[in-house]
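Just so you know, all these numbers are worked out from the coordinates, no wet-lab data involved. Just so we're clear, the structure is a prediction, and the values are computed from it rather than from any experiment. In this analysis, Cβ positions are derived from the backbone assuming ideal geometry, glycine residues included, and neighbour counts consider all displayed protein chains.
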Amino acid sequence: MKTSPKIQKEVIESCKAGDEKAFAEIVLHKQKKVFNIAYRMLGSLEEAKDLTQEVFISVFESIKDLKEEIKFDAWLTQITLNHCRNRWKYLKRRQYFNSDSLDDPIETEDGNMPKAIVDPSGNPETIYEKKMIQQFIQRALLKLKEDQRELIVLRDLQGFSYEEMGELLGLPGGTIKSKLHRARMDLKEVLERSAH
Amino acid sequence: MDCEKVRDRFSSLLEKELTPSEEKIVREHLSSCPECQRELGRFEKTMQWLHSVREVEAPDGFLPELQKKMGEQKKATPDEKSRGRWFNFPLSLKLPIQAAALAAIVFLALYLTKMMPMEVSRLKDAKQTSSSLSAEKKSEQELVQKEVERERRALETAPETPRPKDVEQAKPPIPGEEKMEGANVPPVKAEAKKTEAPSSKTEVMTHQAIGSKEAAGGKVLSLKPGKIEKGLVAKEKSVAAPKPPQEIILRISDREKGISQLRDLVKQFGGEMITTEGNMFLASLPTGSFPEFEKELAGLSVSAKTDKVIAKKQVTGSLRAAPVVKREEVDEKSKEPARLATDVESRTIVRILLIQE
């Protein structure tokens, strides 16, 4: 699991008591994780940044309600997913993703990149190609259903275990596995369709 | 195992979650099925790409920016906060509130569009009723005017003898006036006709008869004053008010002489001339001296005969009072007999018609 370092129980307790330094520590520890989930779920760095801020504001406001400090990570991920779902609906209603196509230039950390068609069954990739592939995947993820994208993001990008995912999503492990496989197969189809 | 089942196990195969026996079956199928082999290859590539996706770094200065934002939110007034929060509310909460608001708007719109016309129509009805009432009043007044004119014509043609039947007819309708109070307007008109028309045709009518008529009317009115509706009383007044004062026809041979004699006579009895219109004179006399005046006036007449017509009006107070006022005063009088008894200023208005023979 590619998770950020565990936060000490004392820090969470201090944050619960309203200690802003403890809160800042939590933010520094967890901002990358929250930001990445948000970015993969929404496909926009700007939206991801805004959402990450909202998530941490929610954390600060409601951390006092967290009963078991040991479940802080799962709690934080749950808040992040909820915010992502709401934001996705909001953006969808405003047809934010309507012009979205795999053929469009892709927004990256290094700026926009031209469209690249890569055959998944193709040859070894260059660094340039690797970058393109990452963005290509990101575009394809956005073409999936929201719950499918969640599964792939959590499992294949964030490295959550099936058990953690089962807890987060309230589903049995078997269901998670079969759904995740369906999502991966669909992603493969999306990539193939856009490659040809 | 068919291709579909094998492909469903690709994830488990790559994550090594298949039992050895299951894995063996899948591998055997793959070795004999090039299509499934190709599919597995693509699937592996997709998974490889997915796992190659790097994490992006959080934006620089994220924490200071967040702290700044939180500081701004703290400063924000509660109003602004709640307004902002509305947009972040989940739809499951927002929708019912919006639906309720919509229902309220629809109800109000329906109330305004459907209920208002009813009220407007009610207002219209009210207007119509009032206009019909005024129309009725008008028609009644016209009717009364016609009656007066007919009366004059009758006086001018001067039929000789009274018809006792008519006199009798004139009496009974008066008690009928009490019906008038509560009855609809058309019957009132009918009553008015019944009471007015015969009397106008009658040349001579005794004071007693008229007096009793008045008294009867007054009594009836005074019986149930509480039950009388104002509007209807007004109507009744408008019907009854234009009753002319006492009329006397004076037949003379010399007009000038007759007029001067008449003036002298009026002055003699403490009265005064109110108006003079050709051969029509309107005089006011103290009620006490009226019988004497009447006798003397009869002496002036060539034919030694005066024609007394119509109802007697005893007027209290102002001589120039309009007919309506007179009638009102009659009503008052009937309600307050004590006041009438002490009224020494009681006067009689008499209309004298000179006919040269």
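A few remarks follow.
- Counting every other Cβ atom within 10 Å of each residue's Cβ, A:Asp186, A:Asp19 order from fewest to most as A:Asp19, A:Asp186.
- Label-to-label distance for B:Lys94 and A:Asn82 is 1.7 nm, based on points extended 7 Å past Cα in the beta-carbon direction.
- Looking at region A:120-196, the pairs of alpha carbons with a distance over 14 Å make up 64% of the total.
- For A:Tyr128, A:Tyr90, the sequence from fewest to most other C-beta atoms within 10 Å is A:Tyr128, A:Tyr90.
- Computed from the Cβ-Cβ distance with R0 of 45 Å, the FRET efficiency linking B:His51 to B:Ala76 stands at 0.55.
- A Förster distance of 25 Å, applied to the separation of the beta-carbon atoms of A:Asp65 and A:Leu28, puts the FRET efficiency at 0.65.
- In plain terms, the residue of B:Glu294, A:Glu192 with the fewest other Cβ atoms within 10 Å comes first and the most crowded comes last, giving A:Glu192, B:Glu294.
- Rule-of-thumb Rg ratio for region A:1-98 [Cα; 2.2 N^0.38 Å; N residues]: 1.11
- 20 Å cut-off, amide nitrogen to a point 7 angstrom out along B:Arg38 Cα→Cβ, residues in region B:1-29: B:2-11, B:27-29
- With the convex hull of its Cα atoms as the shape, region B:3-52 has an orientation-averaged projected area of 3.2 nm².
- From the Kirkwood radius over Cα pairs of region B:2-115, Stokes-Einstein at 25 °C and 0.890 mPa s returns a whole-number translational diffusion coefficient of 117 µm²/s.
- The modelled label-to-label distance between A:Arg182 and B:Glu22, using points 7 Å beyond Cα along the C-beta direction, is 1.8 nm.
- Computed magnitude of the charge dipole of region A:120-196 (debye, nearest 20; Cβ of K, R +1, Cβ of D, E -1): 260 debye
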